[in-house]
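The structure appears below as C-alpha cells.
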Amino acid sequence: MFIVPSSIEPLKNNTNVTKGGNVTLYCDVSGTPTPHVSWTHVSTDKKWYSKTWFILHVKVDNLGEYKCEASNPYGNATVATFIFFPGGLCEERCSGKKSCRKFGQYVCLCEKGKTVTNCDNNEEVKNTFEVGIEFNEEYKPEYENLENPTTQLFVNKIKDALNEEFKGSGVQDVKVTELRWIV
C-alpha cells in the first residue's frame, strides 16, 4: 500500500467575474487515502465541503480570498485563489484618477477634495451633506411633525437604512431635518 500525503494543484485567480454572473471554483487534489476537501471564503468564514464550489449570481459579498484545504492522515495542503470584478471590488475598472473605494457600496471615486469626471477640480471637503430620498410608502400627515411618535418610528427606519447603506464610508451620523410630500 502506498501512502501519499494530500496535495493540491495550483489555482488561478479569477478576476473576470461580472456582477450577477456565476463562478466555479475547482480544487484538484490528490493523495492516498483520498483527502477530505473543503473550501473557505476567508472574509466570511463560509465553508463548502466539496472539490467544486458553484457560486451563482456573484455579488460584492462573494468577492475576496477563497482557500481550498485538503487533508488525509498523512498530511494537509492549502492553496488560495481570489475572486474579483475587473475593477477589484468595483464592478468596472476605475478610469483616470479615480480609485475603487467603499461608500456604502464599492464605487469609483476621486480622492478627497477632488471633483468632476477627471478629478481635476479642487473642492473644500465638507463635514455635512444634504440628501433627498424618495420612498415608496404612503405619506401620512403626521410626518410633518418630527416629534410625533409615528414620525419618529419612520425617521428611525430611515436612519437605520442610511446608516447601513453608508457603513464603512466615514459617515458617522444621519440626521433627518424634514419630511415632506412631493406631488
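Please treat every number below as a calculation from the coordinates, not as lab data. This is a predicted model, so every value here is computed, not measured. We place every Cβ from the backbone using ideal geometry, glycine too, and count neighbours over all the protein chains shown.
The alpha-carbon of Lys159 sits under 24 angstrom from the alpha-carbons of these lysines, leaving out residues fewer than 8 places away in its chain: Lys102, Lys126, Lys140, Lys167, Lys175. Of the labelled options [x] 1.01; [y] 1.26; [z] 1.51, which one gives Cα Rg over 2.2 N^0.38 Å as computed for this structure? So the structure-derived entry is [z].
Name the residue, out of Ile158, Ile55, Ile133, whose mean-square fluctuation peaks in a Gaussian network model built on the chain with Cα pairs under 10 Å. Among Ile158, Ile55, Ile133, the largest mean-square fluctuation in the Gaussian network model of the chain belongs to Ile133.
If a/c stays under 1.5 just call it rounded; otherwise compare a/b with b/c (prolate if a/b is bigger, oblate if not). Do that for segment 130-183, with a ≥ b ≥ c from the square roots of the Cα gyration tensor eigenvalues.
Values: a/c = 2.19, a/b = 1.71, b/c = 1.28.
Note, shape of segment 130-183 comes out prolate.
What residues from segment 70-113 fall in the zone where the backbone N is under 17 Å from a label point 7 Å along the Cα-to-C-beta line of Ser30? Counting only backbone N, you get 70-72, 74-79.
Placing pseudo-labels 7 Å out from each Cα toward the beta carbon at Asn22 and Asn136 gives an inter-label distance of 2.8 nm.
Could you work out the relative contact order of the chain? I mean the mean sequence separation of Cα pairs under 8 Å and 6+ apart, divided by the number of residues, in percent.
Details: 303 pairs, mean separation 30.7, N = 183.
In percent, rounded to a whole number, it is 17.
The long axis of helix 149-165 is offset from the longest Cα principal axis of the chain by roughly 40 degrees. Couplings 3J(HN,Hα) of segment 74-88, computed from phi: 10, x, 10, 9, 9, 9, 10, 9, 10, 10, 9, 6, x, x, x Hz, in residue order, whole Hz [Karplus 6.51 cos²θ - 1.76 cosθ + 1.60, θ = phi - 60°; x for Gly and Pro]. Per residue, the convex hull spanned by the Cα atoms of segment 10-112 amounts to 104 cubic angstrom.
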